[in-house]
Amino acid sequence: MIRLLERLGVPRVLMLGFLAVAIFMTGDGFELTFLSKFMVDQGFTSSQASLLVTVYGLFAAAGGWSAGMLAEMFGARRVMMFGACWWIGIHLLFLGVAIPSRIYPLILGLYALRGIGYPLFIYSFVVLMAQYISPSRLASATGFFWTCFSLGIGVFGAYLPSFIMPVFGEYRTFWFALPFSIVGTIMCFLFVPKNKVVKGEGLSRKEQLKELAEGATILVTNRKILICAIIRIINNLLLYGFPVIMPLYLCTTHNGGINIFKTEEWMRIWGFVFVVTLIFNTFWGWFMDRFGWVWPMRWFGCAVLAVGSVAFYYIPQWFGANALMMIVASIIVGIGTCAFSSLPTIMTLYAGEGKQGAALSAYNLAAGLTTFAGPGVATILLPVIGYGGVCWTYAALYVLAFVLTLFIRPRQPGFDEHGHRIAKAKNGTAPQDDAVPAVNTVSEESIGVGVAAAEAV
């Protein structure tokens, strides 16, 4: 097993760090599939339930935006430990104080604050990957990183609660997240190495803040990166929107829900999305490097997810409580969600030399904002247009992303300006292309760091 991981580009010094990510994210994902239903069962409205996850996503976006720069300036392990301890402390207050109080503003505030923790933990580890893994092996190692992430938040985070909840109940199931998060934190402290380079050493506080802010200002100064960021936000709308609305639609009669599945059945159906991502996170990276970065994103990402958006609504209408057909819809969503893995590389190419860190921070910010936008759409529109209207809104946004991909044409190595593969010369190497614009010319190391940014799921 160790040799297999080393072939994927994972050095031994980081292997237990990858395991720590999987274990910690298992705890973070424990309530994802049933929190909205739990809130409605406690007497809150569906809008209040979705607002809870929406605000959580807004704070997660702030954590994601700052994680990379903070890890570079102050040390990744230090930031990871801070994020993990923050998550655990706020989770204890959320369970022990907020939920029993039934005071909605307190529940909302504490759950939102908890959202800062996990992005600091996982995105800081990405900085270590960029420092410890050679650029030529970074893409494979990044695929393994996202496999660990999906294994934690999606597979174990969905399936374990589905077996625990029928025995212990929803509230007690929340507490089972803590052992996983604590073990992940201890593993981080014991086994995650320190930075090879700490960028913040020698910088004034003003210079440190400038570095941090550049991850947002580049969205204003670089239109191509802004387009990529919008596509990234749309990418995971279903991944964070459906866990809010689907338990209400499939497992209750609230707001016109059809109540044909048990909550644990829904959790297992949704878990298939992440089972699929374990394979396709790696597959799409390999496929895009060989056949093009943008067109698979357009057709297998945007178009497939537009279909998946409405499939989850209509399959129960047409086929009733058919778990097999719902699993098919989950597989469609899983395949499409992973087909955006070239975005971080494209963003670093458009950023140019010296601004790759800012491009990755912008990418992380967009990745965080999708956790806000997915449930945010449901919060605003569910009382007005119902579950079907929300699903069609998601589909329309994926059509918008489809159109936006027409405006990004990065010069991929080995391809011409039209996106066609350059024929290899007789000696087996591709001819040199001298027409590559300066803005798209980055070092091999920069491309490697781009690939190491947070990708699909």
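The values are calculated or read from the model by the stated rules, or taken from the named source; none is laboratory data. From a predicted model like this one, the values you see are computed outputs, not experimental measurements. Note that we place each Cβ from the backbone using ideal geometry, even for glycine, and neighbour counts take in every protein chain shown. What goes into the accessible areas is simple: the full protein's heavy atoms, side chains included, and nothing from ligands, DNA or RNA. Shrake-Rupley method; radii C 1.70, N 1.55, O 1.52, S 1.80 Å.
Principal axis extents for the stretch 67-125, Cα atoms only, whole Å, descending order, please.
40, 15, 14
Using 10 Å bins from zero, what percent of all Cα-Cα pairs in the stretch 265-338 falls into each bin?
Pairs per bin, as whole percents: 21, 47, 25, 8, 0.
What is the chain's relative contact order, in percent, from Cα pairs under 8 angstrom and six or more apart in sequence?
26
Under Stokes-Einstein, with the Kirkwood radius over Cα pairs standing in for Rh, what whole-number D in µm²/s applies to the stretch 214-336 at 10 °C and 1.306 mPa s? Please list the in-between numbers first.
Details: Rh = 16.0 Å.
Estimated via Stokes-Einstein, D reaches 99 µm²/s.
What do you get for Rg/Rh of the stretch 273-389 when both radii come from the Cα atoms and Rh is the Kirkwood radius?
1.04
Using only the alpha-carbon atoms, how far is helix 263-291 inclined from the longest principal axis of the chain? Give it as 0 to 90 degrees, nearest 10.
The two axes meet at around 10 degrees.
Before rounding to the nearest 500, sum -39500 (n - 2.57) across all DSSP H runs of length at least 4 in the chain and divide by the residue total; then give [θ] at 222 nm in deg cm²/dmol.
Working: 20 runs with 324 residues, N = 457.
Calculated mean residue ellipticity at 222 nm is -23500 deg cm²/dmol.
Using packing as a proxy for protection, rank 29-36, 218-225 so that the peptide with the highest average count of other Cβ atoms within 10 Å comes first. Could you put the intermediate results ahead of the total?
Working: 29-36: 24.6, 218-225: 17.1.
So the order, starting with the most tightly packed, is 29-36, 218-225.
Quick one: Kirkwood hydrodynamic radius for the chain, alpha-carbon pairs, angstrom, one decimal? If you can, show how the numbers build up before the last one.
Details: mean 1/r = 0.0451 Å⁻¹.
Averaging 1/r across every pair of different Cα atoms and inverting gives 22.2 Å.
So how tilted is helix 135-150 from the main axis of the chain? Cα-based, degrees 0 to 90, rounded to 10.
With both axes taken from Cα atoms, the answer is about 0 degrees.
Calculate the translational D of the stretch 1-136 in whole µm² s⁻¹ from Stokes-Einstein, where the hydrodynamic radius comes from the Kirkwood formula applied to all Cα pairs, the temperature is 10 °C and the viscosity 1.306 mPa s. Intermediate results must be reported in sequence, preceding the final value.
On the way: Rh = 16.2 Å.
My calculation gives 98 µm²/s for D.
Pairwise over distinct Cα atoms, reciprocal of the mean inverse distance: report the Kirkwood radius of the stretch 354-402 in Å, one decimal place. Display every interim value, and only then the final one.
Details: mean 1/r = 0.0812 Å⁻¹.
Evaluated on the stretch 354-402, it is 12.3 Å.
Using a Cα distance threshold of under 22 Å, what count of lysine pairs results for the chain when pairs must be 8 or more residues apart or interchain? Don't skip to the answer; put the middle values down first.
Working: 37/262; 196/355; 199/210; 199/355; 206/355; 210/224; 210/355; 224/355.
Step by step, the pairs that qualify in the chain add up to 8.
If packing is taken as the mean number of other Cβ atoms within 10 Å per residue, what is the order of 93-101, 45-53, 333-341, highest first? If you can, show how the numbers build up before the last one.
Working: 93-101: 15.2, 45-53: 22.2, 333-341: 26.8.
My ranking of the peptides, most packed first, is 333-341, 45-53, 93-101.
Just to make sure I understand: if all protein chains stay in place, what is the order of 214, 353 by accessible area at 1.4 Å, largest first?
Sorted by accessible area, descending: 353, 214.
Hey, what does the equivalent ellipsoid look like for the stretch 31-106, semi-axes from the Cα gyration tensor as sqrt of 5 times each eigenvalue, largest first, whole Å?
On the way: eigenvalues 169, 41, 16 Å².
For the stretch 31-106, the ellipsoid semi-axes come out as 29, 14, 9 Å.
For the stretch 327-417, restrict the atom set to alpha-carbon positions and state the Rg and Dmax in Å.
According to the Cα coordinates of the stretch 327-417, Rg and Dmax are 16.3, 50 Å.
Per the Debye formula with a single identical scatterer at each Cα and no solvent contribution, what log10 I(q)/I(0) holds for the stretch 100-175 at q = 0.12, 0.24, 0.26 Å⁻¹?
-0.55, -1.12, -1.17
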